[in-house]
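No lab work stands behind these numbers, since they all come straight from the coordinates. Just so you know, these numbers come straight off a predicted model, no measurement behind them. Here Cβ is always computed from backbone atoms with ideal geometry, including for glycine, and neighbour counts include all displayed protein chains.
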Amino acid sequence: MQILVHVCCAPCFTYPHKRMLEEGHDVTALFYNPNIHPYTEYKNRMQSLEKYAEIKGAKIIYKNYDMENYLRGAVAADERCEFCYTYRLAEAAKTAAQLGFDAFTTTLLISPYQKHELLVKVGEKTANDYGIEFYYEDFREGYKESREIARALELYMQKYCGCIFSEKERYLKQNAFFF
């Protein structure tokens, strides 16, 4: 099966990439993350994915850094994570369908910090909207292994999901005296 994998970062790609290859799938990464801020963080993650791809021979498709449209939608959204998942997975599904892939998925499925059930719901709806299969596998069992692989390969490992809202929350937790 040819699978297009939306990749949020190289560390999160390591385990799903390994698993899908072991299962005999043809895997291509899609780097589309207009949610990542600041731009230096975006570049760090993209360069880390490029390093991983060079080491492992992975294929990558890059999409534009559509920050302005993403931010307009995220600010207006009632539920920003649902908006973010939908925004990025819609691009993955559309790209997969246009390029003739059999299915699409996302590395967000590995993270114990993401809203897993919501992510699956969005993936299935998006698949239906674009007429392409959503490849679901609960990769969370490989989260620890993904971090070990990333450390061994000396890949950049970020400290937050990437969005400006998450970064704010991270710093507010560290500096609880602000209110």
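Close amide H pairs (under 5 Å, H built 1.01 Å from N) link residue 133 with 104, residues at least 5 positions away or on another chain. Peptides 146-152, 46-52 ranked from most to least packed give 46-52, 146-152, packing being the mean of other C-beta atoms within 10 angstrom over each peptide's residues. At an R0 of 25 angstrom, the distance between the Cβ atoms of residue 99 and residue 141 translates into a FRET efficiency of 0.25. Among 85, 62, 70, 136, the ranking by other beta carbons within 10 Å of each residue's beta carbon, starting with the fewest, stands as 62, 136, 70, 85. Placing unit charges on the Cβ atoms only, positive for Lys and Arg and negative for Asp and Glu, gives the chain a dipole magnitude near 600 debye about its Cα centre. Sorted largest first, the principal axis extents computed over the alpha-carbon atoms of region 1-73 equal 39, 22, 16 Å.
Since only 40, 97, 150 are under comparison, the one whose Cα sits farthest along the positive direction of the charge dipole of region 2-174, derived from C-beta charges on Lys, Arg, Asp and Glu, is 40.
Based on the convex hull around the alpha carbon atoms, the chain presents an average projected area of 10.4 nm². If R0 is 35 Å, the Cβ-Cβ spacing of residue 117 and residue 68 corresponds to a FRET efficiency of close to 0.70. Listed by number, the DSSP H helices of the chain that run 27 Å or longer by alpha-carbon position along their axis and have mean Kyte hydropathy of at least -1.0 are 80-99. Across the chain, the mean sequence separation of Cα contacts (distance under 8 Å, 6 or more residues apart), normalised by length, yields a relative contact order of 31 percent.
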